Amino acid sequence: MSFYVIYVLVAVLLFAFLAGFTLFAVYAERKVAGFVQDRLGPMETGKFGSLQTIADILKLLQKEFISPANADKILFAAAPVVVFVAVYLGFAAMPWAPDVAPAALNLGLFYVIAIISVEAVGVLMAGWGSNNKFALLGSLRSVAQIISYEIPAGLALIAAVMITQTLDMQELTVNQGILTNERLLFLGFWDVSEIGGFFAWNIFQAPHLILAYVIYFIASLAECNRAPFDIPEAESELVSGYHTEYGGLRFAFFFLAEYCLMFLVSMIGVVLFLGGWNSPLPNIGAWKLATWTTGMAWGIFWVLAKTLLIVGIQILIRWTLPRLRVDQLMSLSWKVLTPLAFLCMVISGIWRIMVMVG
């Protein structure tokens with residue numbers, strides 16, 4: 001019985017963290033947008049507008065549930081829940097520190113990729129269930145985009161997995177720092193197993209993994225429907241895309257899912273390529289910086305710091321680059337990213353045999 005209590009507590013804590021992160025991220029996004037556009041952003045509610053997002057969520061919570069008269073009531077009501085739960089469950093296998101993860105899964109990466117894919121079903125449910133042409137077009141665009149960009153993203157992740165030889169997210173992280181029992185080679189020639197730090201991260205285990213991470217990062221932006229890939233909710237064409245008919249708490253669930261997915265895809269990239277909870281500080285002679293900054297508290301700090309940095313870059317890109325056209329978006333996925341991701345996967349196989357094993 002105590003195990004079930006622990007599971008519930010972990011789930012509640014994770015939800016509370018994600019809700020808090022979303023409130024912070026929305027505020028940060030508005031402030032970054034203001035900075036990029038040479039204005040102040042929110043300033044009225046709270047000190048420097050710090051309570052604006054709390055006021056917004058209180059407003060959404062007070063709104064009544066309204067469903068279009070001709071909507072499919074079941075699909076319309078279930079869609080926001082399906083989208084959020086698909087993203088929320090993805091955090092179950094994510095490692096936060098040494099031996100700290102909601103669930104220890106030896107197929108952790110496979111599970112995360114599979115569960116995130118369910119989001120596309122929820123988006124399609126929202127578009128079809130709304131019985132609105134703008135919502136349906138937005139959902140079809142979104143599903144086409146998500147499916148297209150899952151391919152280069154998945155191949156880029158496989159390129160890293162072929163180097164580390166495991167799908168266990170915790171083991172993947174362990175093999176990028178001083179706690180590993182494996183032989184780690186910086187760019188294939190310098191043994192950094194005892195040195196650790198950023199030298200041991202996957203992105204520096206082979207030169208082509210830098211390209212693999214860039215491919216994954218671009219594809220992850222498209223997975224989140226973030227600019228310049230925000231075509232599914234292009235307000236100039238589709239009002240608000242697949243959530244046109246949604247308001248109140250239902251819209252809040254879509255909003256929460258979007259920001260949680262931003263955090264999740266950033267965290268996946270951090271775990272696979274950027275060392276996860278491992279310290280970026282290397283051991284230098286008597287200065288055992290990596291050893292001193294490795295542990296539970298340090299692990300959580302490093303994961304949060306790296307992930308929030310990537311989220312910050314996602315936010316900055318939204319207010320910097322213009323939106324792509326649909327044909328440009330699909331061409332980038334199928335003609336550029338997918339062939340490059342295949343190339344990275346092939347090079348990983350050759351690298352593993354010729355350099356790491358040989």
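Might you check whether a residue that is among the aromatic types (Phe, Trp, Tyr) and open to solvent by 30 Å² or more (accessible area, probe 1.4 Å) occurs anywhere in segment 70-86?
No; the residues of segment 70-86 include none that is among the aromatic types (Phe, Trp, Tyr) and open to solvent by 30 Å² or more (accessible area, probe 1.4 Å).
Residues in segment 82-96: is at least one over 18 Å from the mean Cα position of the chain (by Cα) and not polar (S, T, N, Q)?
No, segment 82-96 contains no residue that is over 18 Å from the mean Cα position of the chain (by Cα) and not polar (S, T, N, Q).
Only one residue in Leu308, Leu340 is at pLDDT 95 or above, closer than 18 Å to Glu223 by Cβ and out of contact with any Leu (no Cβ under 6 Å at 6 or more places or on another chain), so which one is that?
Details: Leu308 fails: closer than 18 Å to Glu223 by Cβ.
Unique residue meeting the criteria: Leu340.
Select, from Ala93, Ala159, the only residue that is among the small types (Gly, Ala, Ser), touching a Gly at 6+ places or on another chain (Cβ under 7 Å) and in contact (Cβ under 8 Å) with a residue 40 or more places away in the chain.
Matching residue, one of Ala93, Ala159: Ala93.
From the list Gly295, Gly285, Gly275, exactly one residue is out of contact with any Pro (no Cβ under 9 Å at 6 or more places or on another chain), surrounded by fewer than 24 Cβ atoms within 10 Å (Cβ to Cβ) and at positive phi. Which is it?
Gly285
Considering only segment 216-226, I want to know if a residue exists there that is in contact with a Ser or Thr (Cβ under 8 Å, 6 or more places away or on another chain), surrounded by fewer than 20 Cβ atoms within 10 Å (Cβ to Cβ) and not polar (S, T, N, Q). Lay out the reasoning, then the answer.
In the first step, residues of segment 216-226 are kept if they are in contact with a Ser or Thr (Cβ under 8 Å, 6 or more places away or on another chain); the result is 219-220, 222, 225.
With the extra rule that they be surrounded by fewer than 20 Cβ atoms within 10 Å (Cβ to Cβ), the set shrinks to none.
No.
Contact list please: Cβ distance under 9 Å, first residue in segment 26-55 and over 23 Å from Thr320 (Cβ atoms), second residue in a loop (DSSP other than H, G, I, E, B) and hydroxyl-bearing (Ser, Thr, Tyr), pairs at least six apart or on different chains.
Partner pairs satisfying both residue conditions: Leu51/Thr45; Ile54/Thr45; Ala55/Thr45.
Which condition from (1) closer than 26 Å to Ala92 by Cβ; (2) open to solvent by 90 Å² or more (accessible area, probe 1.4 Å) is the one that Phe21 breaks?
Unmet condition: (2).
All but one of (1) at pLDDT 90 or above; (2) under 24 Å from Met125 (Cβ atoms); (3) of a type outside the set (D, E, K, R); (4) open to solvent by 30 Å² or more (accessible area, probe 1.4 Å) hold for Val265; state the number of the condition that does not hold.
Tallying (1) at pLDDT 90 or above; (2) under 24 Å from Met125 (Cβ atoms); (3) of a type outside the set (D, E, K, R); (4) open to solvent by 30 Å² or more (accessible area, probe 1.4 Å), Val265 fails exactly one: (4).
Look through segment 96-144, keep the residues that are of a type in the set (Ser, Thr, Tyr) and touching a residue at least 24 places away in the same chain (Cβ under 8 Å), and return whichever of them is nearest to Gly241 (Cα to Cα).
It comes out as Ser139.
So which residues in segment 2-51 are more than 14 Å from Leu308 (Cβ to Cβ), among the aromatic types (Phe, Trp, Tyr) and out of contact with any Lys or Arg (no Cβ under 9 Å at 6 or more places or on another chain)?
Phe3, Tyr4, Tyr7, Phe15, Phe35
The values are calculated or read from the model by the stated rules, or taken from the named source; none is laboratory data. Not measured: the values here are computed from a predicted model. Heads up, the Cβs are rebuilt from the backbone with ideal geometry, glycines too, and the neighbour counts pull from every protein chain shown. Keep in mind that these areas ignore ligands, DNA and RNA; they rest on the heavy atoms of the full protein, side chains included. Shrake-Rupley method; radii C 1.70, N 1.55, O 1.52, S 1.80 Å.
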